[in-house]
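These notes are about the structure you will find just below.
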Amino acid sequence: MENLNPEKSFKKKKTPIIAFEKGKIPPQAIELEEAVLGAMLVDRKGVDEVIDILKPEVFYKESHGIIYEAINALFHEAQPIDLLTVSAQLRKTGNLELAGGDLALIQLTQKIASSAHIEYHARIILQKYIQRSLIQLSAEIIEESYEETADVFDLLDRAESRLYDVTQGNLKKGSETAQKLVLDAIKSIQNISNQQGISGVPTGFDKLDKLTSGWQPSDLIIIAARPAMGKTAFILSMAKNMSIDHNQPVAFFSLEMSGEQLIKRLISSETGLSSEKLRTGQLEKHEWEQLTTKVKRLEKAPLFIDDTPSLSIFDLRAKARRLSSQYGIKIIFIDYLQLMTTGSTKGGNREQEISTISRNLKALAKELNIPVIALSQLSRAVESRPGNSKRPLLSDLRESGAIEQDADIVSFIYRPEYYKLETWDDEEASPTKDQAEIIVAKHRNGGLDNIRLKFVGKLGKFENLDVFDTPFEFHSKMNDDNPFATPTHFASPTEAFESNPNQGNPTDDDGLPF
């Protein structure tokens, strides 16, 4: 017979037990946050150890971030930091109740006895914050990736840029107080005074360094010229001076020449062996010894060359970020701007593309806080000018006025010798042989000038031009009693140059166009 007793026919349903420990909560370290704040309240040494590591936003618990912000404010005002002063600061800003009141502060001091291991604890808190930032960033990237209208290259660039910011511990750069900026500026000025006026990356060219104080961080520098003026030779000379002589890590992006061609030019410049000899391999025994000996400095140079053709601006930014993270590069060279692409499938004319590229190069310089130097072509307007007026102008920049607008410095390379002009168009009518002029036509943070350099065509390099480059018979201001004496009383190389209307270097007569 069928059992009709409902209690026996059906089993009683059990209420489900929710296991919260299996759920996901954001990475956090509340106990360590309490330990760090308590140590800062009882021991000033603890404040000194972690004040540069933590920021208010790294704390998971909002009240802890508010307390840390009060401690940070007292620190920058050089005020004592303890239970009473922090309570007064919170009351002053109206945040005492948000921080949990005086009782919360008292409880923090009771949980710690000293500031031992405070730095280690602070770094764990920072790691938890980075984990939370990555989770949030990943969620945003996933959401943006589902948008059909999103440009994939823009998306990649934004994603990599934000990931780079996280690795630098600076997810979002906020505004800074005038007090902090003034202190940073004073510290920078002190550093400059200790480095003999060079605050940026030195070029190796004395007069140019004097004008610019070296290439400055976050600056976009455009170096433009017509073909065969020596654009590549000029930036290669600077790259060699920086990486070999000053041991500065340099990134060189070549879109025109291969890495092997560039390194052969550098070998020629470093060893003094002509490009033709290196190209044919016809070297004497002593030249082979010279090659193997002098090339060792170049081998050890912190120089990173990328010869990817048709490089897009987004790929360049990604590679530059990696080089900055891994090797700490101090400057970027790009040869040259018009060979770059935007990498976007969107339509647009070439002028718009160049505008996008120059704008992104400026953004890259600011993001990495290093100078970015890009070569640029000039229009044919220079060649069509009548007479001897072949000096480039800002209006000659090719394809876009945005280059001039975005750049902090625009300079031109001018070699009158290329145009068969034997003398400079100055009062002294000095010879142009083996000389070039660097024309600084725009300088956002400094003066303008025309700087003459020595151009050694057969070695593909530029050098400083000084009194020792002048022929003997034209040395002026000699001692009348001793015509063979070396003129040692010039005020400067410039004075010697101006006193010598026939300055030149007759030995380098095998110049090759670069």
Looking at the structure I just gave you, is L375 in contact (Cβ under 8 Å) with a residue 12 or more places away in the chain and closer than 30 Å to E422 by Cβ? yes
Looking for whichever is part of a helix (DSSP H, G or I), open to solvent by 80 Å² or more (accessible area, probe 1.4 Å) and touching a residue at least 40 places away in the same chain (Cβ under 8 Å) here; the options are R359, R279. Which one fits? R359
Among (1) modelled with pLDDT of 85 or more; (2) part of a loop (DSSP other than H, G, I, E, B); (3) open to solvent by less than 60 Å² (accessible area, probe 1.4 Å) - the single one A429 does not satisfy: (1)
Pairs needed: first member in segment 77-106, free of Cβ contacts under 8 Å to residues at least 60 places away in the same chain; second member anywhere, of a type in the set (F, W, Y) and part of a helix (DSSP H, G or I); C-beta distance under 8 Å; at least 6 residues apart or different chains. I81/F75
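Each row is one residue, and each column tells you yes or no for (1) aromatic (F, W, Y); (2) at pLDDT 80 or above.
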| position | (1), (2) |
| --- | --- |
| Y129 | yes, yes |
| Q136 | no, yes |
| I141 | no, yes |
| E147 | no, yes |
| A150 | no, no |
| L156 | no, yes |
| Q168 | no, no |
| S175 | no, no |
| Q179 | no, no |
So which residues in segment 295-309 are out of contact with any Ser or Thr (no Cβ under 6 Å at 6 or more places or on another chain) and outside any strand (DSSP E or B), if there are any at all? V295, K296, R297, L298, E299, K300, T308, P309
What pairs come up if the first residue lies in segment 28-51 and is over 18 Å from L83 (Cβ atoms) and open to solvent by 50 Å² or more (accessible area, probe 1.4 Å), the second is assigned to a helix (DSSP H, G or I) and of a type in the set (D, E, K, R), and their beta carbons are under 9 Å apart, counting only those six or more places apart or on different chains? Q28/K128; Q28/R132; E49/E119
So which residues in segment 85-117 are part of a helix (DSSP H, G or I) and open to solvent by less than 20 Å² (accessible area, probe 1.4 Å), if there are any at all? V86, S87, L90, G101, L105, L108
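Condition check: surrounded by fewer than 19 Cβ atoms within 10 Å (Cβ to Cβ), in a helix (DSSP H, G or I), at pLDDT below 85 and not polar (S, T, N, Q). Does K24 satisfy that? Step through it out loud before you land on a result.
Details: surrounded by fewer than 19 Cβ atoms within 10 Å (Cβ to Cβ): yes; in a helix (DSSP H, G or I): no; at pLDDT below 85: yes; not polar (S, T, N, Q): yes.
So K24 fails the test.
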Taking segment 237-254 and keeping residues open to solvent by less than 10 Å² (accessible area, probe 1.4 Å) and aliphatic (A, V, I, L, M) leaves M238, A239, M242, V250, A251
Output the residues belonging to segment 264-276 that are among the small types (G, A, S) and either in a helix (DSSP H, G or I) or more than 15 Å from K296 (Cα to Cα) (or both). S268, S269, S274, S275
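With the requirement that a residue be touching a residue at least 24 places away in the same chain (Cβ under 8 Å), open to solvent by 20 Å² or more (accessible area, probe 1.4 Å) and closer than 20 Å to K330 by Cα, what does segment 203-218 give you? Don't jump to the end; show me each part of the working.
So the first thing to find is which residues in segment 203-218 are touching a residue at least 24 places away in the same chain (Cβ under 8 Å), and the list is 203-208, 211-213, 215-218.
Those left that are additionally open to solvent by 20 Å² or more (accessible area, probe 1.4 Å): 204, 206-207, 211, 213, 216-218.
Those that are touching a residue at least 24 places away in the same chain (Cβ under 8 Å), open to solvent by 20 Å² or more (accessible area, probe 1.4 Å) and closer than 20 Å to K330 by Cα: G204, D206, L211, S213, Q216, P217, S218.
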On the basis of being of a type outside the set (V, I, T) and under 26 Å from D434 (Cα atoms), does L236 make the cut? yes
Here are I267, I221: which of them is farther than 20 Å from D307 by Cα and either open to solvent by less than 10 Å² (accessible area, probe 1.4 Å) or not acidic (D, E) (or both)? I221
Selection from segment 397-423 of residues touching a Pro at 6+ places or on another chain (Cβ under 8 Å) and surrounded by fewer than 18 Cβ atoms within 10 Å (Cβ to Cβ) yields E422, T423
For segment 282-299, the count of residues that are open to solvent by 80 Å² or more (accessible area, probe 1.4 Å) and either among the aromatic types (F, W, Y) or in contact (Cβ under 8 Å) with a residue 24 or more places away in the chain (or both) equals 3
Single residue of R322, R317, R297 found to be closer than 17 Å to L255 by Cα and basic (K, R): R317
Show the residue pairs meeting these rules: Cβ distance below 8 Å; 6+ apart or different chains; first residue within segment 231-248 and within 15 Å of L262 (Cα to Cα); second residue assigned to a helix (DSSP H, G or I) and small (G, A, S). L236/S269; S237/S269; K240/S269
Residue selected from segment 196-215 under the condition assigned to a loop (DSSP other than H, G, I, E, B) and in contact with an Asp or Glu (Cβ under 7 Å, 6 or more places away or on another chain), by the criterion modelled with the lowest pLDDT: I198
The residue from A122, A70 that alone is in contact (Cβ under 8 Å) with a residue 24 or more places away in the chain, buried (at least 16 other Cβ atoms within 10 Å of the Cβ), more than 33 Å from the chain's Cα centre (by Cα) and not in a loop (DSSP other than H, G, I, E, B) is A70
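So, in segment 384-396, of the ones that are modelled with pLDDT of 80 or more and outside any loop (DSSP other than H, G, I, E, B), which residue ends up surrounded by the most Cβ atoms within 10 Å (Cβ to Cβ)? Walk me through how you get there before you give the answer.
Narrowing segment 384-396 to residues modelled with pLDDT of 80 or more: 390-396.
Checking the rest, the ones that are also outside any loop (DSSP other than H, G, I, E, B) come to 394-396.
Details: L394: 15, S395: 10, D396: 20.
That would be D396.
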Among the residues of segment 285-331, how many are within 13 Å of the chain's Cα centre (by Cα) and among the aromatic types (F, W, Y)? 1
Would you be able to tell me the number of residues in segment 317-337 that are under 24 Å from K264 (Cβ atoms) and either at pLDDT 85 or above or not aromatic (F, W, Y) (or both)? 10
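The values are calculated or read from the model by the stated rules, or taken from the named source; none is laboratory data. What you see is a predicted model, and the numbers here were worked out from it, not measured in a lab. In this analysis, Cβ positions are derived from the backbone assuming ideal geometry, glycine residues included, and neighbour counts consider all displayed protein chains. Keep in mind that these areas ignore ligands, DNA and RNA; they rest on the heavy atoms of the full protein, side chains included. Shrake-Rupley method; radii C 1.70, N 1.55, O 1.52, S 1.80 Å.
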